Amino acid sequence: MHIVVCIKQVPDSAQIRVHPVTNTIMRQGVPAIVNPYDLFAVEEALRLKDKFGGRVTVLCMGPPQAEDSLRKCVSFGCDDAILVTDRAFAGADTLATSYALASAITTISKEQKVDLVFTGKQTIDGDTAQVGPGIAKRLNLQLLTYVSRIVDVDLKDRTITIERRAEGGVQVLKTALPSLITMLENTNTMRFANMDNMIRAARYQVKMWNKDAAGIEDPTKIGLKGSPTIVSKVFVPSPRNEKADCINLDESTPRDAALNMLQKIFTAHPLLEDDLVERGSV
Amino acid sequence: RNTELPEHLKAYKGVWVFIEHDRGVVHPVSWELIGEGRKLADKLGCTLSGVLMGGPDENLDAFAKEAYGFGADKCYIIRDPILKGYRNEPFTKGLTKLVNEFQPEIMLLGASTMGRDLAGSVATTLQTGLTADCTELNIDGNRALAATRPTFGGSLLCTIVTLAYRPQMATVRPRVMQMPRANPDREGSIEIIESTLGLIETDIVTKLLDFIPDAASNAPKLEYADIIISGGKGLKNAENFKLVFDLAKLLGGEVGCTRPIVQSGWLEAERQVGQTGKTVRPKLYIAAGISGAIQHRVGMEGADCIIAINTDPNAPIFDFAHFGIVGNAMQVLPALTEAFKTHIAQRARKVA
Ligand SMILES: Cc1cc2nc3c(=O)[nH]c(=O)nc-3n(C[C@H](O)[C@H](O)[C@H](O)COP(=O)(O)OP(=O)(O)OC[C@H]3O[C@@H](n4cnc5c(N)ncnc54)[C@H](O)[C@@H]3O)c2cc1C
Ligand SMILES: Cc1cc2nc3c(=O)[nH]c(=O)nc-3n(C[C@H](O)[C@H](O)[C@H](O)COP(=O)(O)OP(=O)(O)OC[C@H]3O[C@@H](n4cnc5c(N)ncnc54)[C@H](O)[C@@H]3O)c2cc1C
């Protein structure tokens, strides 16, 4: 079984800072990490490999530094790592990103047929959840989004059965390989890197592919040129900045503070009082 | 880079909303989008249409009628046995077919597990732009859809346009837009355009084997809850969440939380409010032991009344909560529960 997992390197966004004058994102000094959602995809792929044998290839499109994130995945047990990196990819939206990644997967599959492609649910920076569906469409893979559990893989019949999160319940779907899975978060626990894999990762040479090596056939479909969406404005949300009307517990007992609070909110929202009385269960 | 709309795409007119339904129920986000779509259509001076796809025995006509009540002028309906129960492939084919045939300039979908699954596939098939999880939709000077969305966990907003491609597509999360008021007398049904897909079941590779509904009793339904009591790290341990549940139970509300609570395994992921959790818009939101990080704030600042309980008078949550109690949540929560209980009992007695 040959599995490709797409991972993105993202800034650890809890620490993102915005330049106060230019309103641009300051990436300098912000640590880069593997998109946390992608680790669930990596782990699930490794579990399938443990069960069925085969190989796991991790694939990333990004700047040369993204090599670190791929190496991290090798330390968890992934076999191969490919970084698609070229200035021509800069400024890609999800349509252009999915074209570049789909081209690279086609190139990978020329060496060894691909049975399954994994992506995370979404990233923590762009946060669109659109790249997975885009790759599936371009490669004509059966799309399985928000997968919470892989129920069964039948390599002889080349079928896969999964559970996917839907509104108000879980869909159980059965489809044919090859397919693309976007893995839901908290569906598994990432393994620790073992010593052998850590040593292997440290020595591993990540394959660097430029646009030609990645097999891009139509250069007008990548980067800024291949992106229909245009970011016309970036700005910081304007703060509401009306301080809360506060009661201090130092100056009152909890009981009085609570009664006082009820008074305040029911004065401001008389309808809320009726509503609570109606629904309240005493 | 091309920013001019090519001649052949200038014929694309009208605003469309994909109306999502499953097992007989329309997802409320679709009505929220009809409300928002109405405003866009009025600004553009064009019609607003709903798109409905489903099986022959599903009540699509009733949904269309409802859509008119909320502000749609027209509905496009595809009825086909293979459209019973959502699957990506037939729905992508159906929606793509309608777009190519009837050429809308704007196409809106809910950012639900169905809408996001479908939107990405359709936009890729049509090779057009798709803006995700928008919080504001507008029409700019060039009649372009200006879609604003938070990024980097809400610390930044950006406005995105699709100038040279049609339709301009966007998804919007449930509860971000306001629910429009329904007018059951509103007709406006210029026409219902019916069509079938002309595919047979064996053409579709993916089979829907089963649908396991969430157990109604314990599945939290945060998005549409009117009352939410949320707890954060300030509650110190999982046991103290009992105080949150007690108050929620009394008020008939739901329990929410911040991301670290889910990460610590104290509560299930469905209860997380925020950028990577749920967007909520309750009448009352009580935040106990929550600092008010931007990623949490973007998920709940639409609440009508926000009460924060925090020991730190400088906690960011007090910058946008309406009311606050500076103090220990473990003391304040039971006191609030007691006060509400007494108040409700008194009022109920007065009414009786
Ligand atoms: C502020 C901002 C807002 C944006 N808004 C939009 C928008 O609304 N619409 C739009 O089309 N584009 C948008 N983009 C561009 C978009 O972020 C990029 O195209 C990005 O390369 C991929 O999208 P994503 O991060 O949303 O990934 P998602 O679609 O959220 O990612 C899903 C999965 O795809 C895989 N994946 C994604 N990117 C890569 C990669 N580079 N390499 C390997 N695997 C990957 C990962 O497994 C990931 O978990 C925006 C960018 C920024 C900076
Ligand atoms: C990419 C990304 C996505 C994220 N998405 C989300 C999201 O969707 N939702 C979300 O919530 N977070 C999200 N976060 C995390 C977010 O940045 C914050 O870390 C988180 O919201 C903080 O949770 P908290 O308020 O519970 O904890 P803390 O920030 O630790 O705050 C605890 C608060 O409790 C107060 N306190 C302490 N003791 C008491 C007491 N006895 N009584 C009352 N108050 C007390 C403290 O003063 C403090 O203000 C995300 C982060 C990232 C990087």
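Checking the Cα-Cα distances for B:Lys242/B:Lys278; B:Lys221/B:Lys350; A:Lys8/B:Lys10; B:Lys65/B:Lys249; A:Lys8/B:Lys236 against a 29 Å cut-off, the pairs over it are B:Lys221/B:Lys350; A:Lys8/B:Lys10; B:Lys65/B:Lys249; A:Lys8/B:Lys236. Other residues with beta-carbon under 12 Å from the beta-carbon of B:Trp266 carry, at +1 per Lys or Arg and -1 per Asp or Glu, a net charge of +3.
In summary, the lysines within cross-link reach of A:Lys174, defined as a Cα separation below 26 angstrom excluding same-chain residues under 8 places away, comprise A:Lys49, A:Lys51, A:Lys113, A:Lys121, A:Lys137, A:Lys156, B:Lys84, B:Lys93, B:Lys97, B:Lys207.
Here the sum of -39500 (n - 2.57) over DSSP H runs of 4 or more residues, divided by the residues of chain B, equals -9500 deg cm²/dmol at 222 nm, to the nearest 500.
The amide H of A:Ile247, built 1.01 Å from its N in the peptide plane, has B:Gly324, B:Ile325, B:Val326 as neighbours under 5 Å, considering only residues 5 or more places off or on other chains. Accessible surface buried at the A:B interface totals approximately 7900 Å², computed with a 1.4 Å probe on protein heavy atoms. Proximity of backbone amide H atoms, modeled 1.01 Å from N, is registered between A:Ala81 and A:Val58, A:Lys207 at under 5 Å, excluding neighbours fewer than 5 places apart on the same chain. Using R0 = 51 Å, the C-beta based FRET efficiency linking A:Asp154 and B:Ala62 works out to 0.80. Atom-type composition of the exposed protein surface of chain B places 51 percent of the accessible area on carbon and sulfur (1.4 angstrom probe).
What is the set of long-range amide H partners of B:Thr131 at a cut-off below 5 Å, with H atoms built 1.01 Å from backbone N? It is B:Met169, B:Ala170, B:Thr171, by chain and number. If you take the Cα centroid of segment A:194-226 and the Cα centroid of segment B:306-352, the two points sit 54 Å apart. Approximating the spin labels as points 7 Å out from Cα along Cα→Cβ, the B:Lys350-to-A:Phe235 distance works out to 4.5 nm. Among B:Cys305, B:Cys257, B:Cys75, the largest mean-square fluctuation in a Gaussian network model of chain B, built with springs joining Cα atoms closer than 10 Å, belongs to B:Cys305. Farthest towards the positive end of the charge dipole of segment B:1-41, among the residues B:Val15, B:Gly35, B:Leu5, is the Cα of B:Leu5, using unit charges on the Cβ of Lys, Arg, Asp and Glu. Considering only the other residues whose Cβ falls under 14 Å of the Cβ of A:Val153, what net charge follows from Lys and Arg at +1 and Asp and Glu at -1? For residues surrounding A:Val153, the net value is 0. For segment B:7-203, the square roots of the Cα gyration tensor eigenvalues, ordered a ≥ b ≥ c, give a/c below 1.5, which places it in the rounded category. Only aspartates and glutamates eight or more places from A:Lys211 in sequence, or on another chain, were considered; those with a Cα closer than 14 Å are A:Asp86. For chain A, the relative contact order is 23 percent, taking Cα pairs closer than 8 Å that sit 6 or more residues apart in sequence and dividing their mean separation by the residue count.
Springs join every pair of Cα atoms under 10 Å in this Gaussian network model of chain A, and among A:Val30, A:Val234, A:Val74 the largest mean-square fluctuation is at A:Val234. For the protein assembly as shown, the Stokes-Einstein estimate of translational diffusion at 37 °C and a viscosity of 0.692 mPa s comes to 126 µm²/s, using the Kirkwood hydrodynamic radius over alpha-carbon pairs.
Which of B:Ala329, B:Ala315, B:Leu247 sits farthest toward the positive end of the charge dipole of segment B:227-351, with +1 on the Cβ of Lys and Arg and -1 on the Cβ of Asp and Glu? Farthest along the dipole direction, towards plus: B:Leu247.
Charged neighbours of B:Gln275, selected by a Cβ distance under 12 Å, balance to +1 (K, R count +1; D, E count -1).
According to the Cα-based calculation, Rg over Rh for segment A:2-221 is 0.96, with Rh computed by the Kirkwood formula.
Once both labels are positioned 7 Å from their Cα atoms along Cα-to-Cβ, the gap between A:Glu273 and A:Ser252 label points is 1.6 nm. Placing +1 on the Cβ of every Lys and Arg and -1 on the Cβ of every Asp and Glu, with no other charges, gives segment B:227-351 a dipole of roughly 360 debye about its Cα centre.
Relative contact order for chain B: what is it in percent, counting Cα pairs under 8 Å that are at least 6 residues apart? The normalised contact order for chain B reaches 14 percent.
Under a Gaussian network description of chain A, with springs only between Cα atoms under 10 Å, the residue in A:Phe76, A:Phe192, A:Phe118 that fluctuates furthest is A:Phe192. Placing pseudo-labels 7 Å out from each Cα toward the beta carbon at B:Arg23 and B:Asp42 gives an inter-label distance of 3.7 nm.
Shown in residue order for segment B:342-347 are the 3J(HN,Hα) couplings computed by the Karplus curve 6.51 cos²θ - 1.76 cosθ + 1.60 at θ = phi - 60°: 4, 4, 5, 4, 4, 4 Hz (x for Gly and Pro).
The values are calculated or read from the model by the stated rules, or taken from the named source; none is laboratory data. The shown structure was predicted, so the numbers you read here are calculated from the model rather than taken from an experiment. Counting neighbours? That spans all protein chains shown, and the Cβs are built from the backbone with ideal geometry, glycine included. Side chains are part of the model used for accessible areas, which takes the heavy atoms of the whole protein and leaves out ligands, DNA and RNA. Shrake-Rupley method; radii C 1.70, N 1.55, O 1.52, S 1.80 Å.
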